[in-house]
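Structure first, then comments.
The values are calculated or read from the model by the stated rules, or taken from the named source; none is laboratory data. Quantities reported herein were computed from a predicted structural model and do not represent experimental measurements. Here the Cβ is made from the backbone with ideal geometry for all residues, glycine too, and neighbour counts use every protein chain on show.
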Amino acid sequence: MRLLVLGGNGVLGSNVVSAAMARGWEVVATHHSDRPGFDVPSHQLDIRDSARFESLLDRVDPAAVVNCAAMTDVDGCESDPDLARAINGDAPGKVAGACATRDSAFCHVSTDYVFDGSDRELYGESADPNPIQVYGESKLAGDAAVRDTHPSPLVVRPSFVYGVHRPDGSLAGFPAWVRDRLRAGETLSLFTDQHVTPSRAGQVASVLLRLLADGERGTCNVACRTCTTPYDIGVALRERLGREEAPIEAASQGDVDRPADRPRHTCLDVSKVEDRLDTAQPTLDEDLDAVESALTAE
Ligand SMILES: NC(=O)c1ccc[n+]([C@@H]2O[C@H](COP(=O)([O-])OP(=O)(O)OC[C@H]3O[C@@H](n4cnc5c(N)ncnc54)[C@H](OP(=O)(O)O)[C@@H]3O)[C@@H](O)[C@H]2O)c1
């Protein structure tokens, strides 16, 4: 199996490269700014550059392409909506269309931010999207474009992605942010009114590849089974770091002035992926166990 991974130096992309290599697949990556540290070929690519992508596709001739490239800075998308729409909304459809004409399978990565967060139930794959910020609008446009241009894409939808960046082993995302502030002696203020099912990048990557290999297509939520808040995650991390005395204040999203609104409740229903794989998704505790050594590394 030859796999082409777009965004191979991102948190999720680097885990997809790593998991595919562990499966013994032949992997070619693309990177945007910095080349990933893997011993696989990586080509610089801006996914808006369709001609360059098509030329690469012809040279690599992959059985499948996984698109982990995106503009993920939610506030940055709000301040530059044209750039967000070009990267997250327009480019994925062109990339998927080029794969379709060459009979390559295509996997795209969506987001829980396609939802408005007003529903306190878990969001299933067929829940109605209604994004409340430019990032979510642009990602929703990308999801739609992929479905328009490829006959059978796999669309994996994670939430609140964090994990161990590969191959260097450093922790990335919210747990790293919490750890670094606790170590700096700062008092943390963490939201109690944002509910998410955090997705560990290594877990998403291995599930994504298994779904792809099994021929699963359509949309699939991939996240942990625990619906929780940044406050509760912070408390769990504080305990794991042995810093129980460090103060963590309960905060509300309304306390912070940010360019983009965030949904309040985007916990994902993971029963579909559990049924398909006949395996329970991990709890948050199990996922944090998996990143423990990177979390506690000095
Ligand atoms: N982070 C989350 O909480 C979260 C939650 C749900 C879904 N997702 C989705 O998960 C996917 C992976 O995100 P992630 O968490 O791994 O974020 P990430 O670490 O920011 O990875 C995104 C990658 O895309 C690259 N990129 C940005 N602009 C590009 C462009 N114009 N052309 C090509 N590559 C470009 C970035 O490279 P540079 O850094 O070099 O620009 C980066 O390596 C995305 O589709 C994201 O929307 C993320």
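A few comments on the model shown:
- Test: residue in region 65-80 that is free of Cβ contacts under 8 Å to residues at least 24 places away in the same chain, polar (S, T, N, Q) and more than 8 Å from the ligand (Cβ to nearest atom): no
- If you go through region 130-161 and keep only what is under 19 Å from Arg85 (Cα atoms), in contact with a Cys (Cβ under 8 Å, 6 or more places away or on another chain) and among the β-branched types (Val, Ile, Thr), you end up with Val134, Val155.
- In region 147-155 there is at least one residue matching the filter, namely being surrounded by fewer than 19 Cβ atoms within 10 Å (Cβ to Cβ), farther than 28 Å from Glu78 by Cβ, in contact with a Gly (Cβ under 9 Å, 6 or more places away or on another chain) and in the same structural domain as Arg35 (by TED's automatic domain parsing).
- Scan region 171-203 for residues that are in contact with a strand residue (DSSP E or B) (Cβ under 7 Å, 6 or more places away or on another chain), within 16 Å of the ligand (Cβ to nearest atom) and either free of Cβ contacts under 8 Å to residues at least 40 places away in the same chain or not β-branched (Val, Ile, Thr) (or both) and the total you get is 13.
- Residues that are within 13 Å of the ligand (Cβ to nearest atom) and crowded, with 24+ Cβ neighbours inside 10 Å within region 19-39 comprise Ala29, Thr30, listed in sequence order.
- Region 277-294, residues that are in contact (Cβ under 8 Å) with a residue 60 or more places away in the chain and acidic (Asp, Glu): Glu286, Asp287
- Hits in region 103-124 (condition: more than 20 Å from Arg225 (Cβ to Cβ), away from the ligand (no atom under 12 Å from the Cβ) and in contact with a strand residue (DSSP E or B) (Cβ under 6 Å, 6 or more places away or on another chain)): Ser104, Ala105, Phe106
- Candidate set: region 1-24, residues that are in contact (Cβ under 8 Å) with a residue 40 or more places away in the chain and in a loop (DSSP other than H, G, I, E, B); chosen: the one nearest to the chain's Cα centre (by Cα): Gly10
- Just one of the listed residues (Gly8, Gly93) is within 13 Å of the ligand (Cβ to nearest atom) and surrounded by 17 or more Cβ atoms within 10 Å (Cβ to Cβ), and it is Gly8.
- Residue check, His43 near the ligand (Cβ under 8 Å from one of its atoms) and part of a strand (DSSP E or B): no
- Any hit, region 47-59, residues being near the ligand (Cβ under 8 Å from one of its atoms) and either within 16 Å of the chain's Cα centre (by Cα) or exposed (fewer than 14 other Cβ atoms within 10 Å of the Cβ) (or both): no
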